[in-house]
Amino acid sequence: PRISELQHAVANNQYEKAVKLLEDGADPNTASPSLMTPLHTAAEAGYKDCADVLLLHNATVNARGPDDATPLHLAALKGRASVTELLLREGADTEARMSSRQQTPLWVACEMGHTRVVTRLLGANASVYATASDGSTPLHMACREGHEQAVELLIEAGGRVDEPDHEGARPMHYAIARQHTAIVQRLLDAGAAAVSEDRPEDAERIAKAAAGPVVKVEVTSQTSNPAPPGGA
């Protein structure tokens with residue numbers, strides 16, 4: 001599929017070319033066929049200089065891309081801490097939701113275990129309570145995936161250790177289902193209820209929900225090896 005010359009330059013981290021195109025009037029908000037704006041592309045790849053000059057030329061910081069992902073979602077997904085910092089400074093919405101599962105950037109960063117991004121998002125007051133469509137919080141995700149540092153940061157930021165998702169599974173259930181024993185202990189230390197306190201009639205259903213299939217966040221950008229405008 002055809003993409004703009006600016007999108008192609010950004011995708012290849014051609015900063016000087018991107019600057020010239022922008023100065024010559026290229027629209028920083030023209031999206032690719034996959035709905036990626038140049039800022040989405042720069043955020044996903046971690047090209048901070050390109051992101052910076054796009055924002056300088058009025059790129060929309062909260063533009064919606066594939067699955068309604070914002071540039072901040074993609075920076076969080078890929079662990080791009082410096083771009084995350086830049087986007088936050090320019091007013092990126094920490095509570096924006098992706099359309100398929102209603103994930104926030106913090107939720108995504110915690111699922112992926114990108115601690116530096118988590119730190120920056122929490123520093124920008126991203127909500128530790130924002131749930132995805134299944135009721136899971138960022139803490140559920142960090143516990144499920146075994147990301148101990150993210151768990152620590154979320155607990156320190158006030159994450160609720162006994163918050164149930166829509167199936168009644170708490171962060172503790174997720175950690176036990178994936179056998180993350182250090183996280184189980186950290187949750188207990190933070191005052192989480194032991195699973196022995198579950199009602200017997202609920203225990204099996206909750207355990208099955210916590211151990212269910214893992215669906216990782218995925219955004220198809222189609223700009224990793226883009227064809228230049230007019231053909232390869």
Within the range 89-104, can one find any residue that is in contact (Cβ under 8 Å) with a residue 60 or more places away in the chain, crowded, with 24+ Cβ neighbours inside 10 Å and part of a helix (DSSP H, G or I)?
no
Residue pairs within 9 Å by beta carbon, gap of at least six or interchain, first lying in the range 139-165 and closer than 17 Å to Ser127 by Cβ, second of a type in the set (Ser, Thr, Tyr) and assigned to a helix (DSSP H, G or I), listed first then second, are Leu139/Tyr174; His140/Tyr174; Met141/Tyr174; Ala142/Tyr174; Ala150/Thr115; Leu153/Thr115; Leu153/Thr119; Asp165/Tyr174
Say whether the condition of being in a loop (DSSP other than H, G, I, E, B), open to solvent by 30 Å² or more (accessible area, probe 1.4 Å) and free of Cβ contacts under 8 Å to residues at least 24 places away in the same chain is met by at least one residue in the range 29-45.
no
For the range 51-66, state whether one or more residues are outside any loop (DSSP other than H, G, I, E, B), open to solvent by 60 Å² or more (accessible area, probe 1.4 Å) and under 18 Å from Tyr15 (Cβ atoms).
yes
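Residue under question is Ala157, and the condition is that it be touching a Leu at 6+ places or on another chain (Cβ under 6 Å) and more than 16 Å from Gly146 (Cα to Cα); does it hold?
Numbers: touching a Leu at 6+ places or on another chain (Cβ under 6 Å): yes; more than 16 Å from Gly146 (Cα to Cα): yes.
Spelling it out, Ala157 is indeed touching a Leu at 6+ places or on another chain (Cβ under 6 Å) and more than 16 Å from Gly146 (Cα to Cα).
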For residues that are under 15 Å from the mean Cα position of the chain (by Cα) and assigned to a loop (DSSP other than H, G, I, E, B), scanning just the range 134-175, find the one that is nearest to Leu88 (Cα to Cα).
Thr137
If Ile155 satisfies all but one of (1) hydrophobic (A, V, I, L, M, F, W, C); (2) surrounded by fewer than 24 Cβ atoms within 10 Å (Cβ to Cβ); (3) under 18 Å from Leu74 (Cβ atoms), what's the number of the condition it fails?
(3)
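The values are calculated or read from the model by the stated rules, or taken from the named source; none is laboratory data. Everything quoted here is computed from the prediction, not taken from an experiment. Methodologically, a virtual Cβ is constructed for each residue, glycine included, from the backbone with ideal geometry; neighbour enumeration extends over all protein chains shown. Surface areas here come from the heavy atoms of the whole protein model, side chains and all, with no ligands, DNA or RNA. Shrake-Rupley method; radii C 1.70, N 1.55, O 1.52, S 1.80 Å.
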